[in-house]
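Below is one structure, written out as structure tokens; the observations come after it.
Read-outs: derived from the displayed coordinates by stated rules, not from any lab. These numbers come from a predicted model, not from an experiment. Because the Cβ atoms are built from the backbone with ideal geometry, glycine has one as well, and the counts that use them run over all protein chains shown.
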Amino acid sequence: MKRPMRVVVVGAGPAGLLAAGSAARIGASVRIIERNSAPGVKLLITGKGRCNISNTASIKEFVQAFAPDGRFLYRAFSRFFREDLVEILTDNGVQVKVERGGRLFPFSDRAADVLLALLSWVKSAGVEIRTGTRCTGLLMHQSALAGVKITGGTIEADKIILATGGASYPRTGSTGDGYRLAASAGHTVVTPLPSLVPLVVKEGFVAKLEGISLRNVRATVISDDRTLASETGEMVFTSDGLSGPIILTLSRLAVPLLAERRNVVISIDLKPAISEQELQQRLIREMVGRQTIKNYLRTLLPARLAPLFLMLCRLDANKVISHIDIEERCRLVSKLKDLSFAISSARPLAEAIVTAGGISTREIDPLTMGSRLLPGLFFAGEIIDIDGPTGGYNLQAAFSTGYLAGISAASA
Ligand SMILES: Cc1cc2nc3c(=O)[nH]c(=O)nc-3n(C[C@H](O)[C@H](O)[C@H](O)COP(=O)(O)OP(=O)(O)OC[C@H]3O[C@@H](n4cnc5c(N)ncnc54)[C@H](O)[C@@H]3O)c2cc1C
């Protein structure tokens with residue numbers, strides 16, 4: 001009888017678990033090695049512990065969301081998509097719900113339930129999970145891949161799947177080991193950069209705004225006087241800059257510009273639902289009577305933002321609103337529509353939700369996730385040079401590439 005294909009998966013994150021489970025289900029003998037003492041450490045903190053597993057967007061929209069390299073993922077999404085993931089989860093006791101923006105979450109709001117369901121799916125296929133075991137190198141025999149080196153030994157295998165994640169949130173185990181392992185096989189590592197990350201601003205006064213969150217505002221990225229993209233929704237001021245959902249999304253565009261040393265400005269429209277003219281009219285209507293401008297502004301802005309905002313508008317906070325002249329009102333309106341911050345940098349990779357960059361997609365076959373350089377080597381998940389927006393896109397990509405790598409590696 002033919003012996004089963006021996007597959008070693010490096011990394012027990014979402015990509016590694018899907019790779020191992022799918023390979024084992026078509027007859028491979030599969031072992032996962034995980035450096036942490038437990039699998040899925042990063043998965044547990046996703047979606048603030050609620051785990052936004054996927055999105056109701058179509059495959060076409062997913063591919064667009066991963067631009068400019070989204071086409072690379074088309075086959076992986078076609079082979080294993082949201083419905084397949086939901087089936088595995090429901091078969092293993094986890095119901096799923098859809099929230100705003102088409103985001104899918106476990107009904108229980110517990111990432112731990114998703115991990116338990118995936119582990120049950122993987123283990124029932126006969127996969128062995130070896131935790132506390134770090135892969136330190138690829139084992140070669142006469143220029144062919146023969147297994148992996150681990151601390152204090154080796155494991156022989158026919159196929160290796162690297163699913164070691166990116167280099168963000170290194171305390172979860174993804175420290176960039178996979179890049180070094182792949183580079184030892186000749187692979188190009190596109191410089192890892194932070195993505196979905198808070199931005200640091202040049203204006204020191206932002207520290208005074210720390211913790212203030214704004215809803216229904218529009219943030220726009222401007223570089224070299226060109227408007228590049230806008231997002232409307234929620235954001236928050238940090239001790240040194242800007243964060244929150246719309247800023248994280250825009251960081252995907254801002255970080256590469258900063259890396260090219262281009263100038264980047266984020267302009268915040270605090271009243272995006274109305275035009276500048278309408279806002280003028282509203283202020284003309286409302287700015288009558290004896291209250292101070294400081295008190296009036298509380299109807300337009302969070303109270304803590306008002307004093308600093310008035311300082312930026314060069315307005316006396318105690319001035320009575322009916323005494324505000326046209327020029328002052330225009331300054332107020334223009335600042336409400338355009339509160340600008342010059343971006344100096346992004347927060348470090350360690351604080352990014354995902355890593356942009358990684359193993360070049362040009363060296364991976366999108367039909368199999370197999371290396372084009374070293375037969376028997378496969379890649380899955382965030383280790384690959386792909387990164388998507390928030391909303392469940394990155395986890396779905398990890399699951400889909402994991403599944404495809406698994407079935408490809410298990411095949412002869
Ligand atoms: C705070 C936060 C929240 C997030 N929320 C969401 C969300 O809600 N929705 C979403 O779609 N995405 C989210 N993401 C992104 C998502 O978590 C990642 O894209 C995803 O986990 C990538 O999966 P992966 O399996 O490729 O890598 P990882 O999850 O990083 O898993 C890689 C595994 O490999 C192991 N490993 C590394 N090196 C070695 C080695 N040498 N030997 C053995 N094992 C090794 C690591 O310990 C780790 O367990 C979030 C990320 C963060 C940081």
Size of electric dipole in the range 198-346: Cβ of Lys, Arg +1 and of Asp, Glu -1, about Cα centre, debye, nearest 20: 340
Positive dipole terminus of the chain, leading residue within Ala273, Leu209, Ala67 (C-beta point charges): Leu209
Net dipole in debye of the chain [+1 Lys, Arg Cβ; -1 Asp, Glu Cβ; about Cα centre; nearest 20]: 420
Rounded FRET efficiency, nearest 0.05, which uses the C-beta distance separating Arg226 from Ile26 and R0 of 56 Å: 0.65
Pairwise centroid distance, computed over Cα atoms, of the range 115-134 with the range 342-397, Å: 23
Relative contact order of the range 198-346, pairs being alpha-carbon contacts under 8 Å that are 6 or more residues apart, as %: 30
Contour minus Cα-Cα distance for Ala342 and Arg50 (0.36 nm per residue): 101.8 nm
Estimated distance in nm for a label pair at Arg285 and Glu156, the labels positioned 7 Å out from Cα along Cα-to-Cβ: 8.2
Met311 paired with Arg180, simple spin-label distance in nm, labels 7 Å along Cα-to-beta-carbon: 4.6
The chain, relative contact order in percent, only Cα pairs under 8 angstrom and at least six apart counted: 26
For the range 285-366: relative contact order, % (alpha-carbon pairs under 8 angstrom, 6 or more apart): 27
Pairwise FRET efficiency - Val190 versus Ser143, Cβ, R0 = 22 Å, nearest 0.05: 0.30
Filter on Lys208/Lys335; Lys2/Lys159; Lys60/Lys335; Lys294/Lys337; Lys48/Lys123 - keep pairs with C-alpha separation over 28 Å: Lys60/Lys335
Shape call, the range 198-346: gyration tensor on alpha carbons, a/c limit 1.5: prolate
FRET efficiency estimate (nearest 0.05) - Cβ-Cβ, Val320 to Lys60, R0 41 angstrom: 0.15
5 angstrom amide H check on Ser345, placed H, neighbours 5+ away: Val200
Placed amide H near Gly13: partners under 5 Å, 5+ positions off or other chain: Gly40
Straight-distance crosslink candidates among lysines, where the alpha carbon sits under 17 Å from Lys42 and sequence neighbours closer than 8 are dropped: none
Tensor-based shape of the chain (alpha-carbon gyration tensor, a/c under 1.5 rounded, otherwise prolate or oblate): prolate
Distance (nanometres) between label positions extended 7 Å along Cα→Cβ at Glu234 and Glu327: 4.1
